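What follows draws every value from the coordinates through simple rules; no lab data is involved. Fair warning: this is a prediction, and the values are worked out from it, not measured in the lab. Neighbour counts are summed over all protein chains in view; Cβ atoms, including those assigned to glycine, are modelled from backbone coordinates with ideal geometry.
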Amino acid sequence: MKILIVIFSILFSQSSFSNFPETFGASPNTSGLAGQASGDIEDPSNSYYFPSMAAYTQNINLSASIISVTPSFEPINNILTLNDLNDETGSSSDEVGSANTNYDTVNMAIIHATLPIRRTTALSFSGFFPIGLMMETNSGHPFLPEYVMHRSRYKRTQIYLNFAQRFFYSWAFSLGVTMGMQTGGNMDTVMNFTNNDSSIGSFANSKIQVKPNIGGQISLMRNTSKSQLAFTLVQEIKHNIKLRTFVKTGDPLPLPNDLVIESMQYYDPWTFRIGYTRRFSHIDYIANIEAQYWENYKSPVVRLQVINGNLLPSSNYESIKTRLIAIPKLGLSIHATNDTNIMLGLAYRPTPFEGNFSGAGNSIDTDSVILGAGLNSNWNILGLKTELSLSAQYQQLIEKKVTKSAGIESGGSGSKLGSPGYTIGGNILSVGAGIKVSL
């Protein structure tokens, strides 16, 4: 029975996370600005932030880029890794060890396109594709500290489609969608053991359904020769999985168990974005602020609810409180020459988690300061107007000391997992390169 539960945990445990472009930028140009639109109406990657901008373009614009992200978190050593909560032997002996903070590098391929339908109308497309896969998830350790906003939050395919329309010459609006998934199903299993007189092997049947989950977004922009003012509202979107499972062991001990396995695989919060760009002859000043509403976030823990049977349900002692956060961003786009631009950006991202992580649970996160720099240059290649771009972005996680409170997770005497405490912190480095062609 234990083996079956472990298999389900591996298959269906996922990290709840936001998305790649929101964290690292939608292209090298926007990454160099610390994750905000550049104000260039012919850059299709800006449509991720303000899709209404596409209504002003007069060209078919195609861009392709790769951004590579390498995290480096503070090591977490000499903490309690075994207590009565996760000791399966019943020995009641505590163990001290380390938590795994070595997370994988993520390589993301990115494609953007804007297609003018007529002078005042356009379609835009943005796609983010982890190289070599469609999606990869990892819930990490179920008990030891995990940077749940970073473990595997970025490794998923994302598609955005938008329709943009200009009106009153300088104004434009857009409507668009992005897609998520809701997964559900049923599985019936009968397990026969080797000490059973029956010659019948174990068997199972299952039915899984994956349904689309559509999230909407709306954007409004005013664009003039000297400035831009834009607004975007993005609906929350999440991928939940809920599997109803019936497990029955065969003779000599028939033990039926009916349970529900649930997990939130990813989560993008409600986001309201405001951006302003002021243009001058040799420099553009850019400012953005994003408000993110994380109320419906759930931790990546796999939850087992027992409907009937002798299995014990999940011991969910962790209580996560989230908050509305505001993310300010500032940027400069310096026109060094007629064909070369330098981008510089600064942002501050608060954690959506409240509290000091002293209680039960393993979810950890902290505020981060983001610095970005980028360069693009225009060329004529094979008669096509082409832009080549490079970027680097550095995110410094603000150090936070965690001291675990007294008592085990269930409230008895002893020490919590992660005791006596540890330091949250580290950095994330991303580099990108891209090409854009205007037709």
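Please determine, in degrees from 0 to 90 and to the nearest 10, the orientation of helix 2-12 with respect to the longest principal axis defined by the Cα atoms of the chain, where the helix direction is its Cα long axis. The helix 2-12 is inclined about 10 degrees to the chain. Hydrodynamic estimate: the Kirkwood radius of the range 289-388 over Cα pairs, inserted into Stokes-Einstein at 20 °C and 1.002 mPa s, corresponds to D of 117 µm²/s. Listed cross-link partners K155/K238; K211/K238; K298/K404; K207/K242 are compared with a 19 Å cut-off, the Cα-Cα value being larger for K298/K404. Within the shell of other residues whose beta carbon sits under 13 angstrom from the beta carbon of G355, the net charge comes to +1, with Lys and Arg scored +1 and Asp and Glu -1. If the chain linking R278 and D94 were pulled fully straight, counting 0.36 nm for each residue of separation and taking away their Cα-Cα distance, it would gain 60.2 nm.
A quarter of the convex hull surface defined by the alpha-carbon atoms of the range 2-438 gives 23.8 nm² as the mean projection. Available extension along the chain between N86 and K242 is 53.7 nm, counting 0.36 nm per residue and deducting the alpha carbon span. Each Lys and Arg Cβ is given +1 and each Asp and Glu Cβ -1; about its Cα centre, the chain then shows a dipole of about 1540 debye. Relative protection proxy for 67-80, 34-47, from highest mean packing down: 34-47, 67-80 (other beta-carbon atoms within 10 angstrom). With neighbour counts taken as other beta-carbon atoms within 10 Å, the residues L439, L259 rank, fewest first, as L439, L259.
Calculated [222 nm] ellipticity per residue, helices only, for the chain: -1000 deg cm²/dmol; basis is -39500 (n - 2.57) per DSSP H run with n ≥ 4, divided by all residues, nearest 500.
As a calculated quantity, the FRET efficiency between A406 and L382 at R0 = 60 Å, using C-beta atoms, amounts to about 0.30.
How much FRET efficiency would the formula 1/(1 + (r/R0)^6) give for Y394 and I208, where r is the Cβ-Cβ distance and R0 is 51 Å, rounded to 0.05?
With a Förster radius of 51 Å, E is 0.80.
Once C-alpha pairs closer than 8 Å and six or more residues apart are averaged by separation and normalised to the residue number of the chain, the relative contact order reads 19 percent.
One decimal place: the segment A109-Y293 gains 63.5 nm when fully extended, by the rule 0.36 nm per residue minus the C-alpha distance.
Fewest first, what order do S315, S389 take by the number of other Cβ atoms within 10 Å?
S315, S389
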